[in-house]
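A.B. asks: Questions regarding the structure given below will be posed in turn.
The values are calculated or read from the model by the stated rules, or taken from the named source; none is laboratory data. Computed from a predicted structure; not experimentally measured. Virtual Cβ from ideal backbone geometry, glycine too; neighbours counted across all protein chains shown.
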Amino acid sequence: MKRLLIAFSVLALSSVIALAGSGWHKVGEFDSGGDGKEVAVDRTCSQCLIKVKEGSVIINTITVREGGNKTPHKIGKRLNKGEDEVVQIGDKIPVKSMRIGDDGRGHYEVYVK
């Protein structure tokens with residue numbers, strides 16, 4: 001049991017280190033379902049990463065807000081625990097926030113780069 005706990009801790013730490021070294025910045029963590037999720041970004045980025053931590057999540061849309069402009073990206077994809085999805089949202093654009101339309105019963109994290 002102790003070895004399993006140590007192995008799990010090492011695996012979790014290595015995934016955090018891998019994300020940190022790759023330029024990804026965590027901007028939110030959410031439970032799916034209900035209303036859309038508003039994610040404050042306030043940085044220049046070109047990609048969004050959705051990582052499912054628990055359950056099953058359906059990402060319907062990601063609407064990127066850059067100043068007064070809104071750009072919707074239709075995703076329509078179901079992701080299960082351990083899966084992730086990278087969405088190209090532009091070419092180094094100044095993103096103020098994003099609104100994520102989701103569904104399902106799960107928990108996920110949002111990163112930008």
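A.B. asks: Restricting to segment 62-72, name every residue that is crowded, with 16+ Cβ neighbours inside 10 Å and modelled with pLDDT of 95 or more.
C.D. replies: First, pick out the residues of segment 62-72 that are crowded, with 16+ Cβ neighbours inside 10 Å: 62-66.
Result: Ile62, Thr63, Val64, Arg65.
A.B. asks: Just for segment 79-113: of the residues that are of a type in the set (Asp, Glu) and modelled with pLDDT of 95 or more, which one is farthest from the chain's Cα centre (by Cα)?
C.D. replies: If we take residues in segment 79-113 being of a type in the set (Asp, Glu) and modelled with pLDDT of 95 or more, then Asp103 is farthest from the chain's Cα centre (by Cα).
For (1) at pLDDT 95 or above; (2) over 23 Å from Ile89 (Cα atoms); (3) more than 12 Å from the chain's Cα centre (by Cα); (4) not β-branched (Val, Ile, Thr), each residue gets a yes or a no:
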site: Val10; (1), (2), (3), (4): no, yes, yes, no
site: Ser15; (1), (2), (3), (4): no, yes, yes, yes
site: Ala18; (1), (2), (3), (4): no, no, yes, yes
site: Phe30; (1), (2), (3), (4): yes, no, no, yes
site: Val39; (1), (2), (3), (4): yes, no, no, no
site: Glu54; (1), (2), (3), (4): yes, yes, yes, yes
